[in-house]
Structure formats: structure tokens, C-alpha cells
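Here is the structure we will look at, set down as C-alpha cells.
The values are calculated or read from the model by the stated rules, or taken from the named source; none is laboratory data. Quick caveat, the model's predicted, so the values are computed rather than measured. As a convention, Cβ positions derive from the backbone with ideal geometry for all residues, glycine included, and neighbour counts pool all protein chains shown.
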Amino acid sequence: MSLVGIDVGSSSVKVGACSDQGELIGVASWDLTPLHPAPGLWETDPEDIWHATTQAMRHLVQQDAVRRDPPRALAVSASGRENFPADAQGMPLGNGIMGADTRGAEFEIPPEGAPVPEPWCVSCGHLRERMDPIFRLAWWRKYHPEIMEQARYFFGWIDFLAYRMTGRAVMDQSTVSRYMVYDLPTMDWAADRVAEQAIRTEWLPKVLPWGEVIGELKPDVAADWGLPPGVLVAQGCHDLNCAALGAGVSQIGTVCLVSGSYENILIPTDRLPTASMLLRGLSVMPQPCKAGLSVIAVHPTGNAVLNWARELVNTSIETVEGALQNGVRGPSPVMAVPYLSGSMTYWENGRKARGGLIGLTLATSGTDVVQAFMEGIAYDTVNTLSLMVDEGIGVERIRITGGGARSTWWTQLKADVTGRPIEVVAHPEPGTLGAALLAGLATGVYGEIETVSERLAGTAAVYEPDPDRAALHQDKLESYRELMALLLEHVY
């Protein structure tokens, strides 16, 4: 019988079924409907999440290979940045506010006179951010107290789906570490901070470790999805941590570069966070591996920025890639600042940064512009890896996954400027694979998942760094760093 991973993204819900040998035997997805009630606002209806999950699962189990190898267990991978109140029956009392929604910025300002970072930041592994579920909860209490009076739960996607599937509101260690009231050293809620924030304990999900079964899929849900009775639901994981697991990244010193809408970096570690790490934009989360933790760098750039740039200059992915592959080795004549949504690492006060283009002429082409953004994002990777090394985090291997890995020119550039080989993950769906691996761990299919994950993830290609090409970019990389420092000091 197969194992299913459910991966909840910002634009769709994707499900994938793997045999116990790791072969991907079926994939299905269902798009979500984004809600933008006003500029800068982005919501998702929780019922739309459930509907998309249901539709994707129905399509998955109808596939012939899945019919021959029906699911025995499933687990969920999802972001930890979307939350909403629900009543005692688990019915939503509002929409999930998405991570990119601009509301709650007032909660990112530390109290006057507070040290930076605040002590609780080192305890939970991240700085203040409006997306922290506790600050989202504070936003709901401030602007909709009448709704919070009715609230029994304050769900994220993982505990919401767990509740709908099993009747239990539970969450994993990685996702709850995004709550400012969680304590990494004890791996438990910090009672003093829960009391200080006046959090009702029923609003906090029960924390269930990876490798444990939440319960059986409710009979009515199983019947609705076309599954047999007795399918088990296992504890899943935060999406970035799940993607790393599905990419075969579990050893200290191995980098998982997730080149998706965001360009994120995760490295397994056994080090608890320090004030220095946090001040430089890094965060630390529990990771399902022997090391136990991972250090994270989040870059709101990636394909979200490249898609915007291509639309701006009215050119396609194929056109840009074809032009770049046609012998382009040196840097673009344009300098691009890729921080359309700010920068969360490396730069002091980087969150206030915005995007920009410098060096435009009447001869500038659309490919020049897109190439410049690709370079700026690659330079960010160089800066972040050097920052991690400065903080004592080893960087030995880089494994890349996500849509950005399909660009051979861009992946080669990243290998060149980082000076390290980049291994392309072979498995097409590491997010769903990571969740499926956790389902297999919980049900005893796998005794351990570290070696299994690397074997199943596979490697499709290895890009070796080209020192000569890297040398062509060295001056521009230095200029990029100088430019950003000036912009942050005098413009932004």
C-alpha cells in the first residue's frame, strides 16, 4: 500500500502518492482562489483549502496506479504563516490571512526600550514578524474581538486539516516553532509567555512529534475521497522542512536551496539560535533529522520576482532561457535590486528595501532586465551562505529543488558564484515526498528516514562551478553589495 503527502501551497493543494519504495505513482492538484479584499491584503477561505484537498484526493485515488496500490497512510505539509479563528465545532469564523498580507505591521515594532533581539526571540528561534501566529491572533483580538470571543481554536492549515480528517487539532514541532510562545530548548510551550500574551490554552494546538499517528481518517471523509476504511493520518511538517526532507537533505552541512516563488535556504544543524544569527536575518526551526534543528534563510524574491520582471518586459520564460543559453557568460549591463517585497536576511534594516533597476539605456533588452534580476537573486544566495559560514554553520553541499532548478543557465550561475557544486534533486515533488516519508515513519514502513530520503530524492544532475565565469561576476557582486548599503542608508 502507498503513502500520500498532501502539500498545501499558497496557490494550490498538491497531493502525491508514493510506493513504499519511493516511486511516485500518482500526483493531483487543485487550485485555490485567492481573495484580495483591498490592495496589500491576501486571504484564503479555509473551506477552499478543504475543498481543494478533497478534489485533489478524489482525482489521485482514481488514478490506475493508485488504485492498484491504495494508500495506507498520509501526512500534511503546509506553511505556518496562515491562521484563522474557528468555533467549538471547528467551523471557520474568518478567512486565513496569508503570509504576504500586510496587516499587523504594528506588531513588528518592539516595545520601547526592549532589547533587540528580545529574549523570547532567541527562545523560539525567530525575530518579530507580523506572520507569527501569536501576532496574527493579537490582530484578530484587536480588530475583531467579537469573533475571538466565539473562538475555540486558532487554526493554521496543518492543525485545521488534522482536525477535519481525524477530529484532533495537532501540529508538529517545526510549525509551532513559528509561535513566539514556543521554546526550542524544551520543545514545549513557554508557560510564562503564554500567560504574558493572555493566550487561552485551547487556542494552542497540541504538539505531536514526527513519527506518530494522529488517528484514522474519519469514515465519512474516507468514503468521500474514495479511500478504504482504516487509512492512518500521521503528523506532517512545515512545508520548508518537508521539502528539505523530500530533497534528501538531512545531514549537517548540506544546503537545501528551494528555488520556488521564494528563494529559501535550509541547512540542518545541531546549534540553538544565537542573538547574532537572528539579528542577521536567520531563524532556527526543529527539523525531522538526527541533527534535530535547521537554520533557515527566507528570501521573498525567487520566481515571484522573475515572473513580475518577465511580465514587465513582456517576454516568456522560453525566450529568456533561449537567449541566455546562447553563449551568455558575463553579467547583464543592468544592475537589479530584487527586493520587491523587502529583504529578510544579510542587510541591516533590509525589510524596508524595495526593488530597483540601474544602468538602463535605450539599448537595454527585456532579457537584460530579467538576467539582472536572476543575477541579483543568485548574489543573495552567495551573501547568505557567507553569512551562515560566519555564524559557524557549515556549508559543504548544495541541493536544489523547485521551479527555478529547471533553468540550466540560472542553476549554473548559482554554482559559479557560490563556488560549490549544485546537485539537482531528481524527485519531481519533494514537498509531497517529505510528507509521505513522515507517514511511512509513523506507520513503521521506514525505521529511519535520513538515508531513505536521500536515496528516494535522487540526483538528476550536478552543476560544477566554473571559476572563469565566476570571475566575470566578481566585480558586479562587489558593486551590488556597495549599492545596497548606499540605498539602505540614503534612499529606503
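Of all the numbered requirements in (1) in contact with a strand residue (DSSP E or B) (Cβ under 8 Å, 6 or more places away or on another chain); (2) over 17 Å from Asn383 (Cβ atoms), Trp409 misses one, and that requirement is (1).
Selection of the range 193-244 for residues being surrounded by fewer than 21 Cβ atoms within 10 Å (Cβ to Cβ), of a type in the set (A, V, I, L, M) and in a helix (DSSP H, G or I) yields Val194, Ala195, Val221, Ala222, Ala223. Considering Ala86, Ala65, Ala75, Ala138, the condition of being buried (at least 17 other Cβ atoms within 10 Å of the Cβ), within 30 Å of Met1 (Cα to Cα) and at pLDDT 95 or above is satisfied by Ala75 alone.
The condition (being within 27 Å of the chain's Cα centre (by Cα) and over 30 Å from Leu433 (Cβ atoms)) is satisfied by just one residue among Ala105, Ala100, Ala75: Ala105. Number of residues in the range 311-333 that are under 14 Å from Thr364 (Cα atoms) and not hydrophobic (A, V, I, L, M, F, W, C) equals 5. Run down Pro268, Pro288, Pro338, Pro300 and say which single residue is touching a Cys at 6+ places or on another chain (Cβ under 7 Å), in contact (Cβ under 8 Å) with a residue 24 or more places away in the chain, closer than 19 Å to Ile400 by Cβ and of a type outside the set (S, T, N, Q). Of Pro268, Pro288, Pro338, Pro300, the one residue that is touching a Cys at 6+ places or on another chain (Cβ under 7 Å), in contact (Cβ under 8 Å) with a residue 24 or more places away in the chain, closer than 19 Å to Ile400 by Cβ and of a type outside the set (S, T, N, Q) is Pro268. What about Ala190, is it surrounded by fewer than 24 Cβ atoms within 10 Å (Cβ to Cβ) and either touching a helix residue (DSSP H, G or I) at 6+ places or on another chain (Cβ under 7 Å) or not assigned by TED's automatic domain parsing to the domain that holds Cys121 (or both)? Spelling it out, Ala190 is indeed surrounded by fewer than 24 Cβ atoms within 10 Å (Cβ to Cβ) and either touching a helix residue (DSSP H, G or I) at 6+ places or on another chain (Cβ under 7 Å) or not assigned by TED's automatic domain parsing to the domain that holds Cys121 (or both). Restricting Gly342, Gly253 to residues that are closer than 17 Å to Val395 by Cα and surrounded by fewer than 22 Cβ atoms within 10 Å (Cβ to Cβ) narrows the list to Gly253. Within the range 50-78, the set of residues being small (Gly, Ala, Ser) and within 19 Å of Ile214 (Cβ to Cβ) comprises Ala73, Ala75, Ser77, Ala78. Scanning the range 180-201 for residues that are aliphatic (A, V, I, L, M) and within 23 Å of the chain's Cα centre (by Cα) returns Met180, Val181, Leu184, Met187.
Among the candidates Gly80, Gly94, the residue that is in contact with a helix residue (DSSP H, G or I) (Cβ under 8 Å, 6 or more places away or on another chain), at pLDDT 95 or above and part of a loop (DSSP other than H, G, I, E, B) is uniquely Gly94. Run down Ala415, Ala457 and say which single residue is crowded, with 20+ Cβ neighbours inside 10 Å and more than 20 Å from the chain's Cα centre (by Cα). Only one candidate qualifies: Ala415.
For the range 1-54, the tally of residues that are over 30 Å from Val452 (Cα atoms), in a loop (DSSP other than H, G, I, E, B) and not polar (S, T, N, Q) stands at 10.
Across the range 132-179, the number of residues qualifying as touching a residue at least 24 places away in the same chain (Cβ under 8 Å) and in a loop (DSSP other than H, G, I, E, B) comes to 13.
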